[in-house]
Ligand code: GPK
C-alpha cells in the first residue's frame, strides 16, 4: 500500500499528528472549542443540547483517530475480512457507549460537571439511531460491538435511511405513527462524498460474442442512481479497534438535478428525478416478521447490495490477488434474505464483467457467502415476483434462472425422476405470477446456513428446509445461538449492577469474558452482597416508576412485582394472551372480599412495543391494553394491587431503562414461532426472571440457569400441529377462564366491545392459530407460581443471582466467535503490533 504523502513531507505530518484528549482538562478544552467554533455558541447560550453536541464531537474526534489506525492496520495485515450485510442496524444512542468503550466516561462526567452539566442529562439529549425494527436489527448492532471488541477485521454494510422506525404516540389508547427524522444533527457519521458508486436499474441485456468466440451478456441499465457512503465508527470495548459501519445514501446520479432539463425549463421533472433517486434510501420499511413485496423495497435491496459489493470488490482488487483467492480474503454474511441479491450480483460481476467461467465464479460465490435465517413464519419468507425482477434487474433474473437450472440438474442427478422434489426445491415457484423464493436462493448460493437458537435451527432442518438437508447433507446447516453485548446491556444499562459484579469477580473482566459471571455463585449467600443486589433492583424500579408517572400519569408502587413484556406487537408473540391474563387477574381480585384482596401480591403489568402501521390485529392489541389500563388503574377496589401500563415508543434507549427494572418478563410466543428472542437474555442478565414458553432461546436459558429459576408453561412445539388440526376439525373448546374474560370484554367493561371483536374471534371462531386458549390455563397457573415465588423475597433473590451467574453463554462475543470459526474462517487481528507508514 502506497502512502499518498511523499517521504520528505511526512515529517510535518508526524509532528502534527493529533492524539485526542488524554485527561479531564484536555476533554474540557475540546468541548469548549467545539461549542465556540463548530457550534458557534458560547457560555452565554450553551444549553444541554449544545453540551451534548460538543461532547459527542469531542468523542467522535477521538474515535476517528482509532478508526484511521484500525483501517490502516487491517489493510497492512492483509487478513481476511468479514462483511455483515444487514438492512437493519438498531444502534440506539452512541455517546454513552463510546465513552464507556474507550474507558473515559468518568473523565467526561467530571469534565461536564466542571462546565455546569450533569452527564445523565447530556446523554439523554441524543436521538436514537433507530434504523431497524426489532430483534434482527438489534442483533446486527450487538454483533458490530462484539466484532470490534474482539478485534475482528469487520465492516457492517447497510442503508442510511433518512427516516428510521416511526415514533409511536398513544393517543386516546390508539397507536399513532410519527415520522422519525433523525439526521438533523448526527455527529457520528462521516459523509464520504468521494466514495460513490453508480447503481443501475431497469434497462436491457444484450448478448455479444467476444474475440475468443465466447458469448458475453451485457446489462445496460435504463436508470442510474448514485450511492454515497456514510461511515459510522464502531468502537470496541477496551481495545483500540474501531471498526466501520458503512451506510449508503441515494442521490441523483447527475448531481443535484438534470441541468439539461433544468435549462430547458423543465424544472419539475428535473426535481422529480432527483426526488425519485433520493426516495430509495428515504425510509425503513416498518414491518417485523412480514414480507410485503413492494417494488421500492426491492430497489433498496439491490441498491445497497450492489454498492456494498462494488466496494468490497474494489478493496479486494487493490490486493492484486487472483479471483480464486476471493473467499480467502472476504466472508460475507447475509442477515436474513434481504441481501440475497448479493449472491447474484457477485456472480454477475465475475462472469459478465471479469470474464470468469460460470463454474469457477460460482465456486467463489458459494464459498464467500453465509446465510442466517431468522424466522420460520411463512408470511415473513421473502418472495419476489418474476415480472418485478425482470423489469428492474433483467440480467439478474437470467442469472437466477441459470443458478436454478444448474441446481435442479444436480438434484435430478441425485434423485432421478423425483419431479415433486424438483418442484418443491425450485428457486422459482410456479405460481401466477411466478415467484423467486429468496431463502432457497440464499441456501443454494451459500456454504453455510444457520438458525439463531437450537430449536429454531432444528426446525429449519426438519421443516422449511428439510429437502435441502437431503440434497446438501446436514453439515451445510448449523446453529449459532444468538447473543447480546454485555457492554450495552449490563455495563451501560445497569451501571450499579455492573460495579457490584465487578467488585465480586475481580474487576470488569466479565465484560470481555462473560463466563466470569460464574464467580458470583460464591456470593449467593453473602448478606451484604444480596442487600446491595436488592437495593439496585429497587432503585431501577423507582427510576422506571418515575418514568411511568411522567409519561402516563399512572402511579405505580416500586415494591410491587414488575411484570414486563416489551417487544414488537405480533400475534405470535401473544401480547393478547398477556392482557387477557391481566383481565383474568382483575376479575379474580374484584370477586374477592377486601380482606382476601389485601393478601394478594401487588403487580404492575407493563407493556411496550410498536405495531406495524398496517397490522390491524396488533393495533387492536395495543388498544385493548390501553383500555384495560384506563379501567383497572382507576378502580378504587383495586388500588395498587394491579396496574396496567403501556409505555409509548419502545426503543433501544427505553429498553436500557426498562429491562434493569423488571422482576419478571414475558417471552410467551406460541412454541416454535419465536426463532430465538434476545431480550429474554437481556432481562435475565439484569437480574430479572422469565415467564416463558419452550421456544427459541428460552430453552437454552433454561438449560443454563436450570428449571428452578424460570417459569415455563404451555404446549411444546411438537404438539402445535396436532392442536391446530384439532381446532380445524371443530373440536375447539375455549378455556372457561378465557370465556369469562371474553364475556367481560363483550359486556363493555373496557369500552366498545366492537373494538376488540377481532381479537376474540381469532381465538373463539377462527381456529386460534396461536393456541392462546390451549395455553391459557397453564399460563395463569404459572403466574400464580410467580406470585408465590416472589412472596419469598430471599428465595427470589437467590434465583436472580444464580441465574445471572449462569448467563455467560449468551454474550454476543461467544456467538461471534462461533461465526468466525464455523462459518467465516477469520481470526482476530493483533492490535499490539501497529505498523505505521
Ligand atoms: C426475525 F424474520 C425476522 C424479522 O423479520 N425480524 C426479526 O426481528 C427476529 N426477527 C426473530 O423474530 C427473533 O426471534 C430473533 O431473536 C431475532 O430476529 C434475531 O435473530
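Since every read-out is calculated from the coordinates, none of them should be taken as a lab result. A quick note: this is a predicted structure, and the numbers were derived from the prediction, not measured. Here the Cβ is made from the backbone with ideal geometry for all residues, glycine too, and neighbour counts use every protein chain on show.
In the chain, the calculated helix contribution to ellipticity at 222 nm averages -14000 deg cm²/dmol per residue, counting -39,500 (n - 2.57) for every DSSP H run with n ≥ 4. A full extension of the chain between residue 454 and residue 121 corresponds to an added length of 115.7 nm, given 0.36 nm per residue minus the alpha carbon distance. Stretching residue 4 away from residue 25 to a fully extended chain increases their span by 4.1 nm, per 0.36 nm per residue minus the current alpha-carbon distance. Label zone (residue 353, point 7 Å along Cα-to-C-beta; backbone nitrogen cut-off 19 Å) within the stretch 145-162: 157-159. The three principal axes of the Cα atoms in the stretch 492-810 give end-to-end lengths of 59, 45, 39 Å, sorted in falling order. Given the C-alpha centroids of the stretch 1-46 and the stretch 474-510, what is the distance between them in whole angstrom? So the separation of the two Cα centres works out to 34 Å.
Label-to-label distance for residue 794 and residue 419 is 7.5 nm, based on points extended 7 Å past Cα in the beta-carbon direction. Computed on the stretch 231-339, the Cα convex hull volume stands at 182 Å³ per residue. Sorted fewest first by neighbouring Cβ atoms within 10 angstrom, 766, 570, 456 come out as 766, 570, 456. A P(r) calculated from all alpha carbon pairs of the chain, with 20 Å bins opening at zero, reads 14, 46, 33, 6, 0 percent. Relative contact order, whole percent, for the stretch 690-829 stands at 29, derived from Cα pairs under 8 Å and 6 or more residues apart.
Can you give the FRET efficiency for residue 631 and residue 114, using 1/(1 + (r/R0)^6), R0 = 51 Å, r = Cβ-Cβ distance, to the nearest 0.05? Computed FRET efficiency for residue 631 and residue 114 comes out at 0.50. Model label sites at residue 316 and residue 38, defined 7 Å from Cα along the beta-carbon direction, differ in position by 3.7 nm.
The Cα center of the stretch 80-127 and the Cα center of the stretch 725-752 differ in position by 48 Å.
Hey, quick one: spin label on residue 539, modelled 7 Å out along Cα-Cβ, who in the stretch 94-115 has an amide N within reach, i.e. under 18 Å? Counting only backbone N, you get 105-107, 109-110.
Put in line by how crowded their Cβ is, counting other Cβ atoms within 10 Å and starting with the fewest, 790, 538 read 538, 790.
Taking every C-alpha pair closer than 8 Å and separated by at least 6 residues, the mean separation divided by the residue count of the chain gives a relative contact order of 13 percent. The mean sequence separation of alpha-carbon pairs under 8 Å and at least six residues apart, normalised by the residue count of the stretch 89-204, gives a relative contact order of 24 percent.
Extension gain, residue 515-residue 827: 0.36 nm per intervening residue step, less the Cα-Cα distance, totals 110.2 nm. With a cut-off of 13 Å on the backbone N, the residues of the stretch 386-424 near the modelled label site 7 Å out from residue 430 along Cα-Cβ are 418-424.
Which FRET efficiency, nearest 0.05, do residue 752 and residue 617 yield, Cβ-Cβ r, R0 22 Å?
My answer for the efficiency is 0.85.
Of interest is the spacing of the C-alpha centroids, which for the stretch 283-316 and the stretch 633-709 amounts to 32 Å.
Spin-label model, residue 186 to residue 49: label points 7 Å out along the Cα-to-beta-carbon direction sit 1.8 nm apart. Estimated from the Cβ-Cβ distance and a Förster radius of 45 angstrom, the FRET efficiency linking residue 272 and residue 218 is about 0.95.
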